[in-house]
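Enquirer: My questions will all concern the structure given below.
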Amino acid sequence: MSSGFFVAGVSGQMAQQKMDDISHNLANVNTVGFLGSRTSFETVFTSKASPTGNPDTAPAAFQSMGSQFVDTSSGNIEQTGSDFDFAILGKAWFRVEAAPGEEAYTRAGNFTQDAEGNLLTQDGKHVLDAGGTPIQLPAGRLQATDQGELIVNGSVVAQLGLVSITDPAGIERIGNALIRTPVTNTAPATDVTVRQGALESSNVNSVLAMAEMIATLRSYEATVKMIEEYNRQSSQLTQQVGQVQGM
Amino acid sequence: MMRSLWTAATGMTAQALNVDVISNNLANVNTAGFKRGRANFQDLMYQQITSPGSQNSAGNQVPTGVQVGLGVRTAGISRIFSEGSFQQTGNPLDMAVEGRGFFQVQLPDGSLAYTRTGSFSVDSQGQMVTPDGYIVQPAMTIPADALSINIAQDGSLSVVQPGNVQTTIGQMQLADFANPDGLTAIGHSLFQESQASGSPTTGTPGLSGLGSVAQGTLEMSNVNTVEEMVNMIAAQRAYEMNSKSIQAANEMLQMVSNIKR
């Protein structure tokens, strides 16, 4: 059977993956601090070795999920007026305790607190201070400075832990608006401003996502046409070749 | 089947909930003491296709992984306890808290509820009650012959009786919570304590971080209509775009099923 048949099949499967990615971005278009992604593909050659060890001269190129690009650009900053909402102006991330001794980072500053005054993310993870210890706040109205110092009843009680990420390619999204990256890939953030009463919205560009969706749909259509064509050829093969003329 | 279908469905469910929350805020735009809600969303888990640092077919390490996300979830609906605007009503039993703190109200089952709505009135026994008839705590009885009622900023309530006799009737107490956002809303502009809010601490208005009481004033809803309308447009469009994802996935599947005629 023609290898092009499978090449088209794999390519179609990849287009489906890409559509899944686009759907995920669109599903999170209103998720605070969400980072959109784009998937790119790469070509893989089947290197079938001939008996002498040389690669086959007629390779078939398959498409494979190559790399994914997580967009770390900032989303829009929206005013919310809530004392427990924080947005970062600049390239920095809030430090969050994913599990004891394990850190994750987020740009979603829609924090809350529990009965003990622990500052928490929306799914109950502890927000860490500059030294890496969970922030606990005394009762009273919370205020924050531009540097991320938290003030309750007129005295500074904690400093929000902010890090910058050296290589954005090393980011892995783990859900709940959190990302994970090795500690060696982080550095204390400088030159950033924390804005209280504001949130960073999702950085998904919905226009771009819709355009990508159409492009993916059409490229999928093209691969399906290829499969249909191979299908037609092979049915001709089985029906016509070997048919005795004049019968 | 394609993940897109379910991913987009989570998006539509989330945005539908978002519209529900916004509608409730808009419905209560004129409810005294109402605190607006906000739906918080988070991305769902990711399916790992290639993990970062794994080797590709050429033997090189891939610097970035490939993960396909599976949609969105509602992390919670938080209540925003920012202060609403104050409105002068002139009614002597209308009270507003300027700052932190809640009025305490006794429910028919004996438990306490908390409210920012201070539109109180007097029942047949002269007791100060909420519009639903729940007794305000600490209970205070206003004499039938009271000519005027005076509530000071510190919450002390006094009346003037015939003969220009001024009598102090009682002292309002306010309750505060470590985490007011964690209170459970039970309707009727009332809240109840929960695990997340912590237990109440009560005190005299104006002292130990509590707000002071303003007589003849009501705290209005803290809903900002313009903001809610903009949020509603954003939610509706997001809903629409997610439905387009479903349509696109459907079209792709249709193409496949049409290959074999």
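Enquirer: Using 7 Å Cα-to-Cβ label points, what is the residue A:208/residue B:132 separation (nm, one decimal)?
Expert: Label-label distance for residue A:208 and residue B:132, simple model: 4.9 nm.
Enquirer: So, one more: Can you give the mean number of other chain Cβ atoms that lie within 10 Å of the Cβ atoms in peptide A:11-21?
Expert: 5
Enquirer: For chain A, what does the relative contact order come out to in percent, with C-alpha contacts under 8 Å and a separation of six or more? Please report the intermediate quantities before stating the final value.
Expert: Details: 468 pairs, mean separation 65.9, N = 247.
Relative contact order comes out at 27 percent.
Enquirer: Relative to the Cα centre, what is the charge dipole magnitude of the stretch A:77-200, using +1 at the beta carbon of each Lys and Arg, -1 at the beta carbon of each Asp and Glu, and rounding to the nearest 20 debye?
Expert: Rounded to the nearest 20 debye, it is 120 debye.
Enquirer: Hey, any idea what % of chain A's accessible area is carbon plus sulfur with a 1.4 Å probe?
Expert: 53 percent
Enquirer: If R0 is 41 Å, what FRET efficiency do you get for residue A:225 and residue B:23 from their C-beta distance, rounded to 0.05?
Expert: Efficiency for this residue pair is about 0.35.
Enquirer: Something else: On a straight-distance basis, which lysines could pair with residue B:260 in a cross-link, Cα separation under 26 angstrom, same-chain partners fewer than 8 positions away excluded?
Expert: The qualifying lysines are A:18, A:225, B:244.
Enquirer: For chain B, what relative contact order do you get, as a whole percent, if you take Cα pairs closer than 8 Å and at least 6 residues apart?
Expert: 26 percent
Enquirer: Counting just the Cα atoms, what span does chain A cover along each of its three principal axes? Round to the nearest Å and put the largest first.
Expert: The Cα atoms of chain A stretch 101, 42, 31 Å along the principal axes, largest first.
Enquirer: Hey, what's the Kirkwood Rh for the protein assembly as shown if you take every pair of different alpha carbons, in angstrom? Kindly include the intermediate steps, with their values, before the conclusion.
Expert: On the way: mean 1/r = 0.0375 Å⁻¹.
After inverting the mean inverse Cα-Cα distance, the result is 26.6 Å.
Enquirer: Quick one: net charge of residue B:116's neighbours, Cβ under 14 Å, K/R +1, D/E -1?
Expert: Details: positive: B:35, B:36, B:79, B:100; negative: B:83, B:94, B:98, B:176, B:181, B:219.
Result for the local shell: -2.
Enquirer: Report the Cα centroid-to-centroid distance between the stretch A:131-146 and the stretch A:150-175 in angstrom, as an integer.
Expert: If you average the Cα positions of each part, the centres end up 12 Å apart.
Enquirer: Work out the FRET efficiency for residue A:193 and residue A:241 from their Cβ-Cβ distance, taking R0 = 45 Å, and round it to the nearest 0.05.
Expert: 0.05
Enquirer: Give the average, rounded to an integer, of partner chain Cβ atoms located within 10 angstrom of each Cβ in B:13-21.
Expert: Other-chain Cβ atoms within 10 Å of each residue's Cβ, averaged: 1.
Enquirer: Right, next: Apply 1/(1 + (r/R0)^6) to the Cβ-Cβ distance of residue B:111 and residue A:99, taking R0 = 35 Å, and write down the FRET efficiency to the nearest 0.05.
Expert: For residue B:111 and residue A:99, the calculated efficiency is 0.40.
Enquirer: Could you give the angle, 0 to 90 degrees to the nearest 10, between helix B:3-27's Cα long axis and the longest principal axis of the Cα atoms of chain B?
Expert: That works out to roughly 20 degrees.
Enquirer: State the Cα centre-to-centre distance between the stretch A:184-212 and the stretch B:63-116 in whole Å.
Expert: If you average the Cα positions of each part, the centres end up 27 Å apart.
Enquirer: Would you work out the charge dipole size for the stretch B:86-219 about its Cα centre, treating the Cβ of every Lys and Arg as +1 and the Cβ of every Asp and Glu as -1, and quote it to the nearest 20 debye? Mind dumping the intermediate values first?
Expert: Numbers: 2 positive and 11 negative charges, 27 e Å.
I would put it at about 120 debye.
Enquirer: If you don't mind, there's one more thing I want to ask. How much length, in nm to one decimal, is gained on full extension between residue B:171 and residue B:186, taken as 0.36 nm per residue of separation minus their Cα-Cα distance?
Expert: Contour length minus the Cα-Cα distance gives 2.8 nm.
Enquirer: Report the full-extension gain for the segment residue A:73 to residue A:145: residue separation times 0.36 nm, less the Cα-Cα distance, to one decimal in nm.
Expert: Roughly 23.6 nm would be gained on extension.
Enquirer: Grab the other residues whose beta carbon is less than 10 angstrom from that of residue B:37, score K and R as +1, D and E as -1, and report the net.
Expert: +3
Enquirer: Now a separate question. Could you give the length gained on full extension between residue B:49 and residue B:260, defined as 0.36 nm per residue of separation minus the Cα-Cα distance, in nm?
Expert: That works out to 73.0 nm of additional length.
Enquirer: Report, in degrees rounded to the nearest 10, the 0 to 90 angle that the Cα long axis of helix A:206-240 makes with the longest principal axis of chain A.
Expert: Value to nearest ten degrees: 20.
The values are calculated or read from the model by the stated rules, or taken from the named source; none is laboratory data. Since the structure is predicted, the reported quantities are computational estimates derived from the model, not experimental observations. All Cβ positions, even for glycine, are placed from backbone atoms using ideal geometry, and neighbour counts span all protein chains on display. Just the protein is used for accessible areas: all its heavy atoms, side chains included, with ligands, DNA and RNA removed. Shrake-Rupley method; radii C 1.70, N 1.55, O 1.52, S 1.80 Å.
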